[in-house]
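Asker: I have a structure I would like to understand better, so I am pasting it below and will then ask my questions one at a time.
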Amino acid sequence: MANTTVADPDSGLTGAQLAQRYGLRFAGERPTLGEYAGQLWHYRHFIAAYANAKLVASFSNARLGQLWQVLTPLTNAAVYYLIFGVVLAQNRTPNFIAYLCTGLFIFNFTQTAVQTGTQSITSNLGLIRALHFPRACLPLAVTVTQFQQLLGSMVVLAVIVLVTGEPITLAWLMLVPAILLQTVFNAGLTMAVARMGSKLADLKQVMPFVMRTWMYGSGVLYSVELFSEQLPSWASGLVELNPALVYIELARVSLLENTPLLSSSLLQLWVTAVGWAIVMGVGGFIYFWRGEQEYGRG
C-alpha cells in the first residue's frame, strides 16, 4: 500500500499569518476604543473597591482618621480667610466666608485628583506588571476616591453656608449636575496627567506649582470681580473659559444668593461647563487609551 503524505496547511505561512489564522494576538496589545470602554465597565467593581481601599488607607495612620478629609480644607479656609479676608480686606464680597470655602472645596477636588493622578501609574508599577487589567482603572480610581472625599466636604460646606446666613433654596439642586460635570472633567484630566506622569518622572515635582498658579487664576481666594476690574476685556474673556473658575462659579451661584459672577450669564456658565466636561472627559480618555501598551514597560 503506497504511503500518502498529507500537506501541512501551515507550511509556508509567516508568523503573522499563523497568528491571524489561529486568532493569536500580541501580549499587551491595545484593544479598540470600544473594547477598552467595555473592559472598564467590566472592571467597575474593581475601580470602586480599589478607590475605597485607597481612601481608608490614606487616613489609617492618622489618629483622627478620615476626619482629616474635612479638617484639611477647613484649616486652609481659616488661614486664607485670615490673609485675604482680614489682612488684605477682601471680605467686601457678601458672605466672604462661605464664598471662600466654596471655592476652596470645589478647587481642592480638582487639585487633589490631578496631583494624585499624576503618580497613579508610576506608583503602581508592581500591580501593573503583575495583573492584567485596563490601566485607566488607576486614574479613574483616583477620581472616585476624591469624589468620595468631596461628598464629605459638601456636608461641611452646607453647614458653613447655613451658619453664615444663607437660606436653603431650589438653586441648591444645581450643585448636583455641576459636581457631576466637574467629576467627568476631573476624570479626563486625571487620565491625561497619568499618561504624562508615566513618561515624565519630574512632572510630580512641577505639578504643585502648576496647581497653585491655577488656583490664583480661578478666583478661589478673592472676588472674581477683580478680573474684570484689573484685566483688559480680552483677558477677562479668556479667564471666563477657565474650567476651574466655571465649576467654582456654578457651585457659588447654587449655594449663595448674592454671589458676584464673572460670566455674563448663567447659561454661558452651563454651556462652558458641559463643553469642558465633554472635551476633557473624551479627550483625556482617548489620550490615555493611546498609551495603553506603554504602561509598566521599560
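The values are calculated or read from the model by the stated rules, or taken from the named source; none is laboratory data. Here the structure is a predicted model, which is why all the values come from computation and not from measurement. With ideal geometry, Cβ positions are generated from the backbone for all residues, glycine too; neighbour counts draw on all protein chains shown. Note: areas computed on protein heavy atoms with side chains; ligands, DNA, RNA excluded. Shrake-Rupley method; radii C 1.70, N 1.55, O 1.52, S 1.80 Å.
Asker: Residue check: is GLU225 open to solvent by 20 Å² or more (accessible area, probe 1.4 Å), under 30 Å from VAL163 (Cβ atoms) and modelled with pLDDT under 90?
Answerer: yes
Asker: Let me ask something additional. Pick from segment 238-280 the residues that are of a type in the set (Gly, Ala, Ser) and under 24 Å from the mean Cα position of the chain (by Cα): which of them is surrounded by the fewest Cβ atoms within 10 Å (Cβ to Cβ)?
Answerer: GLY275
Asker: Follow-up question, since we're still on this one. Would you call ARG129 within 23 Å of GLU29 (Cβ to Cβ), touching a residue at least 60 places away in the same chain (Cβ under 8 Å), in contact with a helix residue (DSSP H, G or I) (Cβ under 8 Å, 6 or more places away or on another chain) and open to solvent by 10 Å² or more (accessible area, probe 1.4 Å)?
Answerer: no
Asker: When you check VAL184 against the structure, is it more than 16 Å from SER254 (Cα to Cα), assigned to a helix (DSSP H, G or I) and either β-branched (Val, Ile, Thr) or open to solvent by 10 Å² or more (accessible area, probe 1.4 Å) (or both), yes or no?
Answerer: When the stated conditions are applied, VAL184 passes them.
Asker: With respect to ILE179, is the statement that it is touching a Cys at 6+ places or on another chain (Cβ under 6 Å) and either farther than 12 Å from ALA113 by Cβ or in a helix (DSSP H, G or I) (or both) true?
Answerer: For ILE179, the condition - touching a Cys at 6+ places or on another chain (Cβ under 6 Å) and either farther than 12 Å from ALA113 by Cβ or in a helix (DSSP H, G or I) (or both) - is not met.
Asker: Then there's this: If you go through segment 134-152 one residue at a time, do you hit one that is farther than 19 Å from GLN39 by Cα, in a helix (DSSP H, G or I) and free of Cβ contacts under 8 Å to residues at least 12 places away in the same chain?
Answerer: yes
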